[in-house]
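Since the structure comes first, as C-alpha coordinates, the remarks are kept for the end.
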Amino acid sequence: MSMSESSSSEDEISVSPPGYGVTFSIGGLPLTAGPLPGSSSAGGPRGSPSETVNHPGEPEDDNRRREQEKWAMLAGQAAYKLEAYVFHQVLPDEFIKPHIFPRNITDMEALIRKYGKSGEAVRLENAKEKWKQLKNKWRWTKAHTAALSVIKFAYLHISNPLEVMMRLDRNDGESLTETRRAFLKALPTELYDAGNQIVEMMHDANLLKDESSINQT
(Lines give C-alpha, C1' and ligand atoms only; values in the text may rest on other atoms or scores of the structure.)
Protein backbone atom coordinates (compact mmCIF):
# COMPACT_ATOMS: atom_id res chain seq x y z
CA MET A 1 0.00 0.00 0.00
CA SER A 2 1.42 3.34 -1.01
CA MET A 3 -0.35 6.07 0.86
CA SER A 4 0.22 9.45 2.43
CA GLU A 5 0.65 10.10 6.14
CA SER A 6 -2.36 9.82 8.40
CA SER A 7 -4.57 12.89 8.62
CA SER A 8 -6.27 14.24 11.71
CA SER A 9 -9.96 13.54 12.29
CA GLU A 10 -10.77 17.21 11.75
CA ASP A 11 -9.98 16.91 8.04
CA GLU A 12 -13.03 16.51 5.83
CA ILE A 13 -13.77 14.47 2.76
CA SER A 14 -17.08 14.47 0.91
CA VAL A 15 -18.33 11.12 -0.34
CA SER A 16 -21.63 9.58 -1.39
CA PRO A 17 -22.53 5.89 -1.06
CA PRO A 18 -23.95 4.44 -4.31
CA GLY A 19 -27.72 4.79 -4.48
CA TYR A 20 -28.11 6.96 -1.38
CA GLY A 21 -27.16 10.52 -2.30
CA VAL A 22 -25.44 11.19 1.02
CA THR A 23 -22.54 13.54 1.65
CA PHE A 24 -20.33 12.63 4.60
CA SER A 25 -18.14 14.83 6.73
CA ILE A 26 -15.63 12.88 8.80
CA GLY A 27 -16.97 12.45 12.32
CA GLY A 28 -20.31 14.06 11.43
CA LEU A 29 -23.81 13.01 10.46
CA PRO A 30 -25.06 12.71 6.87
CA LEU A 31 -26.03 16.09 5.47
CA THR A 32 -28.70 14.64 3.21
CA ALA A 33 -30.08 11.17 2.82
CA GLY A 34 -32.14 9.40 0.20
CA PRO A 35 -32.43 5.65 0.93
CA LEU A 36 -32.93 3.00 -1.70
CA PRO A 37 -36.47 2.04 -2.70
CA GLY A 38 -37.83 -0.32 -0.08
CA SER A 39 -35.31 0.67 2.59
CA SER A 40 -36.16 2.21 5.95
CA SER A 41 -36.44 5.99 6.06
CA ALA A 42 -33.23 7.95 6.52
CA GLY A 43 -32.26 8.28 10.14
CA GLY A 44 -34.48 5.39 11.29
CA PRO A 45 -33.22 2.85 13.81
CA ARG A 46 -31.50 -0.32 12.65
CA GLY A 47 -34.00 -3.00 11.73
CA SER A 48 -37.08 -0.82 12.39
CA PRO A 49 -40.35 -1.83 10.66
CA SER A 50 -40.74 -0.30 7.26
CA GLU A 51 -42.96 -0.74 4.26
CA THR A 52 -41.36 -2.30 1.25
CA VAL A 53 -42.16 -0.43 -1.93
CA ASN A 54 -43.15 -2.90 -4.64
CA HIS A 55 -43.90 -1.51 -8.07
CA PRO A 56 -45.54 -4.05 -10.38
CA GLY A 57 -43.60 -4.53 -13.57
CA GLU A 58 -40.24 -3.54 -12.02
CA PRO A 59 -38.62 -6.84 -10.97
CA GLU A 60 -35.22 -5.64 -12.15
CA ASP A 61 -35.28 -2.76 -9.66
CA ASP A 62 -36.22 -5.11 -6.84
CA ASN A 63 -33.48 -7.57 -7.77
CA ARG A 64 -30.97 -4.74 -7.98
CA ARG A 65 -31.97 -3.52 -4.53
CA ARG A 66 -31.68 -7.04 -3.09
CA GLU A 67 -28.25 -7.48 -4.60
CA GLN A 68 -27.05 -4.10 -3.34
CA GLU A 69 -28.34 -4.83 0.15
CA LYS A 70 -26.55 -8.17 0.17
CA TRP A 71 -23.23 -6.45 -0.48
CA ALA A 72 -24.08 -3.69 2.00
CA MET A 73 -24.67 -6.33 4.68
CA LEU A 74 -21.41 -8.14 4.00
CA ALA A 75 -19.36 -4.93 3.83
CA GLY A 76 -21.03 -3.53 6.94
CA GLN A 77 -20.28 -6.63 8.99
CA ALA A 78 -16.64 -6.37 7.94
CA ALA A 79 -16.48 -2.67 8.84
CA TYR A 80 -17.76 -3.32 12.36
CA LYS A 81 -15.38 -6.25 12.73
CA LEU A 82 -12.41 -4.05 11.83
CA GLU A 83 -13.47 -1.28 14.20
CA ALA A 84 -13.91 -3.76 17.06
CA TYR A 85 -10.41 -5.06 16.37
CA VAL A 86 -8.98 -1.52 16.47
CA PHE A 87 -10.76 -0.66 19.73
CA HIS A 88 -9.38 -3.76 21.46
CA GLN A 89 -5.89 -3.11 20.13
CA VAL A 90 -5.86 0.50 21.34
CA LEU A 91 -8.15 0.95 24.36
CA PRO A 92 -8.36 -0.80 27.74
CA ASP A 93 -11.37 -3.15 27.83
CA GLU A 94 -13.12 -1.05 30.49
CA PHE A 95 -13.60 1.77 27.97
CA ILE A 96 -15.20 -0.45 25.33
CA LYS A 97 -18.98 -0.90 25.46
CA PRO A 98 -19.95 -3.09 22.46
CA HIS A 99 -22.52 -1.42 20.17
CA ILE A 100 -22.55 1.65 22.45
CA PHE A 101 -19.08 3.23 22.66
CA PRO A 102 -16.94 3.94 20.80
CA ARG A 103 -19.36 4.14 17.89
CA ASN A 104 -16.51 4.57 15.44
CA ILE A 105 -12.81 5.39 15.18
CA THR A 106 -13.55 9.11 15.38
CA ASP A 107 -15.12 8.53 18.81
CA MET A 108 -12.02 6.63 19.89
CA GLU A 109 -9.73 9.44 18.76
CA ALA A 110 -11.89 11.99 20.59
CA LEU A 111 -11.65 9.94 23.78
CA ILE A 112 -7.86 9.80 23.51
CA ARG A 113 -7.68 13.59 23.02
CA LYS A 114 -10.07 14.21 25.92
CA TYR A 115 -8.02 12.19 28.39
CA GLY A 116 -4.81 13.72 27.10
CA LYS A 117 -6.07 17.26 27.68
CA SER A 118 -7.40 16.44 31.15
CA GLY A 119 -4.10 14.94 32.26
CA GLU A 120 -5.63 11.49 32.70
CA ALA A 121 -4.01 9.81 29.69
CA VAL A 122 -2.48 7.20 32.00
CA ARG A 123 -5.95 5.67 32.42
CA LEU A 124 -5.95 4.80 28.72
CA GLU A 125 -2.77 2.73 29.12
CA ASN A 126 -0.79 4.40 26.34
CA ALA A 127 -3.69 4.34 23.87
CA LYS A 128 -2.39 7.37 21.97
CA GLU A 129 0.89 5.64 21.15
CA LYS A 130 -0.83 2.34 20.34
CA TRP A 131 -3.13 4.05 17.85
CA LYS A 132 -0.21 5.98 16.35
CA GLN A 133 1.71 2.75 15.81
CA LEU A 134 -1.27 1.01 14.24
CA LYS A 135 -1.98 3.99 11.97
CA ASN A 136 1.63 4.04 10.84
CA LYS A 137 1.61 0.30 10.20
CA TRP A 138 -1.55 0.56 8.10
CA ARG A 139 -0.82 4.08 6.80
CA TRP A 140 -4.30 5.07 7.88
CA THR A 141 -5.83 8.17 6.27
CA LYS A 142 -9.07 10.11 6.33
CA ALA A 143 -10.13 8.17 3.22
CA HIS A 144 -10.23 4.97 5.27
CA THR A 145 -12.41 6.64 7.90
CA ALA A 146 -14.70 7.91 5.14
CA ALA A 147 -14.97 4.47 3.56
CA LEU A 148 -16.07 2.92 6.85
CA SER A 149 -18.66 5.69 7.33
CA VAL A 150 -20.16 5.14 3.88
CA ILE A 151 -20.31 1.37 4.32
CA LYS A 152 -21.90 1.57 7.77
CA PHE A 153 -24.50 4.06 6.53
CA ALA A 154 -25.60 1.65 3.79
CA TYR A 155 -25.59 -1.24 6.28
CA LEU A 156 -27.83 0.64 8.72
CA HIS A 157 -30.37 1.37 5.97
CA ILE A 158 -30.96 -2.20 4.82
CA SER A 159 -34.75 -2.63 4.71
CA ASN A 160 -34.96 -6.22 5.98
CA PRO A 161 -31.64 -7.24 7.56
CA LEU A 162 -32.77 -10.71 8.67
CA GLU A 163 -33.86 -11.60 5.15
CA VAL A 164 -30.56 -10.36 3.75
CA MET A 165 -28.53 -12.33 6.31
CA MET A 166 -30.33 -15.52 5.33
CA ARG A 167 -29.09 -15.09 1.77
CA LEU A 168 -25.43 -14.93 2.82
CA ASP A 169 -23.24 -18.00 2.82
CA ARG A 170 -21.86 -18.74 6.29
CA ASN A 171 -18.29 -18.36 5.00
CA ASP A 172 -18.83 -15.03 3.23
CA GLY A 173 -18.13 -13.02 6.37
CA GLU A 174 -14.56 -14.27 6.61
CA SER A 175 -13.81 -14.49 2.88
CA LEU A 176 -11.12 -12.13 1.58
CA THR A 177 -12.49 -12.36 -1.96
CA GLU A 178 -16.14 -11.79 -1.08
CA THR A 179 -15.37 -8.95 1.32
CA ARG A 180 -13.25 -7.18 -1.28
CA ARG A 181 -16.09 -7.52 -3.77
CA ALA A 182 -18.59 -6.23 -1.21
CA PHE A 183 -16.48 -3.14 -0.50
CA LEU A 184 -16.26 -2.32 -4.21
CA LYS A 185 -20.03 -2.73 -4.58
CA ALA A 186 -20.77 -0.58 -1.52
CA LEU A 187 -18.32 2.28 -2.10
CA PRO A 188 -18.24 5.18 -4.59
CA THR A 189 -15.40 5.07 -7.09
CA GLU A 190 -13.33 7.71 -5.26
CA LEU A 191 -13.04 5.33 -2.29
CA TYR A 192 -12.24 2.11 -4.17
CA ASP A 193 -8.54 2.30 -3.28
CA ALA A 194 -9.28 2.98 0.40
CA GLY A 195 -11.72 0.07 0.44
CA ASN A 196 -9.19 -2.33 -1.05
CA GLN A 197 -6.61 -1.19 1.48
CA ILE A 198 -9.01 -1.77 4.38
CA VAL A 199 -9.66 -5.30 3.16
CA GLU A 200 -5.90 -5.92 3.07
CA MET A 201 -5.59 -4.54 6.62
CA MET A 202 -8.22 -7.04 7.75
CA HIS A 203 -6.40 -9.86 6.01
CA ASP A 204 -3.14 -8.78 7.66
CA ALA A 205 -4.91 -8.84 11.05
CA ASN A 206 -6.25 -12.36 10.36
CA LEU A 207 -9.82 -11.07 10.26
CA LEU A 208 -10.29 -12.42 6.73
CA LYS A 209 -9.12 -15.62 5.05
CA ASP A 210 -8.23 -16.48 1.47
CA GLU A 211 -10.24 -19.20 -0.24
CA SER A 212 -7.70 -21.97 0.36
CA SER A 213 -7.80 -21.33 4.12
CA ILE A 214 -11.60 -21.31 4.18
CA ASN A 215 -11.79 -24.61 2.29
CA GLN A 216 -9.55 -26.25 4.90
CA THR A 217 -11.92 -25.40 7.75
Inset, instruction - List the number of the failed condition for Gln197; all other conditions in (1) surrounded by 15 or more Cβ atoms within 10 Å (Cβ to Cβ); (2) modelled with pLDDT of 95 or more; (3) more than 22 Å from Ala84 (Cβ to Cβ) hold. - result: (3)
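Answer yes or no as to whether Asn206 is surrounded by fewer than 20 Cβ atoms within 10 Å (Cβ to Cβ) and in a loop (DSSP other than H, G, I, E, B). Break it down into steps so the answer makes sense when it comes.
Details: surrounded by fewer than 20 Cβ atoms within 10 Å (Cβ to Cβ): yes; in a loop (DSSP other than H, G, I, E, B): yes.
Against the criterion (surrounded by fewer than 20 Cβ atoms within 10 Å (Cβ to Cβ) and in a loop (DSSP other than H, G, I, E, B)), Asn206 qualifies.
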Legend entry - Those residues of the range 161-186 which are within 13 Å of the chain's Cα centre (by Cα) and free of Cβ contacts under 8 Å to residues at least 60 places away in the same chain, in sequence order: Arg180, Leu184
Legend entry - Filter result for Glu178 (touching an Asp or Glu at 6+ places or on another chain (Cβ under 6 Å), on the phi < 0 side of the Ramachandran plot and either modelled with pLDDT of 90 or more or in a helix (DSSP H, G or I) (or both)): yes
Inset, instruction - For Ile158, indicate whether it is within 15 Å of Met73 (Cβ to Cβ) and either in contact (Cβ under 8 Å) with a residue 40 or more places away in the chain or touching a helix residue (DSSP H, G or I) at 6+ places or on another chain (Cβ under 6 Å) (or both). - result: yes
Legend entry - Pairs, first among the hydroxyl-bearing types (Ser, Thr, Tyr) in the range 94-112, second modelled with pLDDT of 95 or more, C-beta under 9 Å, six or more apart: Thr106/Thr145; Thr106/Ser149
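Has the range 160-179 got any residue that is among the acidic types (Asp, Glu) and touching a Lys or Arg at 6+ places or on another chain (Cβ under 8 Å)? Step through it out loud before you land on a result.
At the first step, the residues of the range 160-179 found to be among the acidic types (Asp, Glu) are 163, 169, 172, 174, 178.
Subsequent filtering for residues that are touching a Lys or Arg at 6+ places or on another chain (Cβ under 8 Å) retains 174.
Among the residues of the range 160-179, at least one is among the acidic types (Asp, Glu) and touching a Lys or Arg at 6+ places or on another chain (Cβ under 8 Å), which makes the answer yes.
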Inset, instruction - State whether one or more residues within the range 109-125 are within 24 Å of Ala78 (Cβ to Cβ) and touching a strand residue (DSSP E or B) at 6+ places or on another chain (Cβ under 9 Å). - result: yes
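The values are calculated or read from the model by the stated rules, or taken from the named source; none is laboratory data. Because the structure is predicted, anything quoted here is derived from the model rather than measured. Note that we place each Cβ from the backbone using ideal geometry, even for glycine, and neighbour counts take in every protein chain shown.
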